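Heads up: the structure comes next, in structure tokens.
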Amino acid sequence: MGKSKNKISNWPAYNKALTQRGSVTFWIDDSARESWMCQEHHGLRGRGFLFTDTAIETALMIKGIFQLPLRALQGFIDSIFSLMDVPLRSPNYTSISKRAKTVEVKYRAPSRGAVRHIAIDSTGLKVFGEGEWKVRKHGYDKRRVWRKLHLAVDVETHDIISAEVSLVNVGDNEVLPTLINPLRRKISEVSADGAYDTKACHDVLENKGIKPLIPPRANAAFWEEGHPRNEAVSALKADELKEWK
């Protein structure tokens, strides 16, 4: 934070304002109370929901803001209702966990700052175990089941800043937009192998102002005139790719 341009003369009011930054205020209007508990069945098989999507969304927003685990989140919301003398209760932490997959939360986590350089790659995951019904019905299957884990890693801190799991038949280049687009962080450079040397990947990186460090494939051809990738292709054909950056 830079220095203030104007001299502070009202120190009592200024100190009080700084203190108020730590205060937490909650209010619940009548419409929120009425829409907290489900009144209608969801129309599918099984028991109906006890809490509405609004209740689950509210709980997930509080979880994101205060960075609480699910069990602590349940106790936090219950304590708020108790202090406010509101005849409501928090959804159970297991319900929040299950319903989080289907409820759309209009909350975005705050950005953690810029990233100078990230590396993107994928690895295979072997799936162990078969469902009891499947084993009884068809027996054990000797074929291995695999999934692909796609990672975007900060080269300097080694932090995983984005991850996706896909089927084995999904190409690495198809997942790059899914890894990059949701990030709210300024990224300077992206390193990846030749599997990401496609126009779609280059377009995504160019639109976000990211410099691609993707070596072209052995049989790579030039793209349209003036494309930045042509410089790497020229270095490849001149056997100078190691010196290219």
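Give me a count of the residues in the stretch 64-82 that are at pLDDT below 90, open to solvent by 60 Å² or more (accessible area, probe 1.4 Å) and assigned to a helix (DSSP H, G or I).
Result for the stretch 64-82: 2.
Can you name every residue in the stretch 200-236 that is assigned to a strand (DSSP E or B) and surrounded by 17 or more Cβ atoms within 10 Å (Cβ to Cβ)?
Pro212
Mind checking which pairs have a first residue in the stretch 24-42 that is surrounded by 11 or more Cβ atoms within 10 Å (Cβ to Cβ) and a second that is part of a strand (DSSP E or B), Cβ under 7 Å, 6 or more apart or different chains?
Note: pairs meeting the criteria are Trp36/Phe51; Met37/Phe51; Cys38/Phe51.
State which residue is nearest to Val145 (Cα to Cα) when the search covers only the stretch 157-184 and only residues that are open to solvent by less than 50 Å² (accessible area, probe 1.4 Å), under 14 Å from the mean Cα position of the chain (by Cα) and not small (Gly, Ala, Ser).
It comes out as Val175.
Take the stretch 187-199 and flag every residue that is open to solvent by 20 Å² or more (accessible area, probe 1.4 Å), out of contact with any Lys or Arg (no Cβ under 9 Å at 6 or more places or on another chain) and either of a type in the set (Asp, Glu) or assigned to a loop (DSSP other than H, G, I, E, B) (or both).
Matches in the stretch 187-199: Asp193, Thr198.
Within the stretch 39-59, work out how many residues are within 29 Å of the chain's Cα centre (by Cα) and farther than 15 Å from Ile80 by Cβ.
9
The values are calculated or read from the model by the stated rules, or taken from the named source; none is laboratory data. All figures in this text were calculated on a predicted structure; none of them were measured in a lab. Reconstructed Cβ throughout: ideal geometry from the backbone, glycine too, with neighbour counts over all protein chains shown. When the accessible area is computed, the model is the full protein with side chains, heavy atoms only, and any ligands, DNA or RNA have been set aside. Shrake-Rupley method; radii C 1.70, N 1.55, O 1.52, S 1.80 Å.
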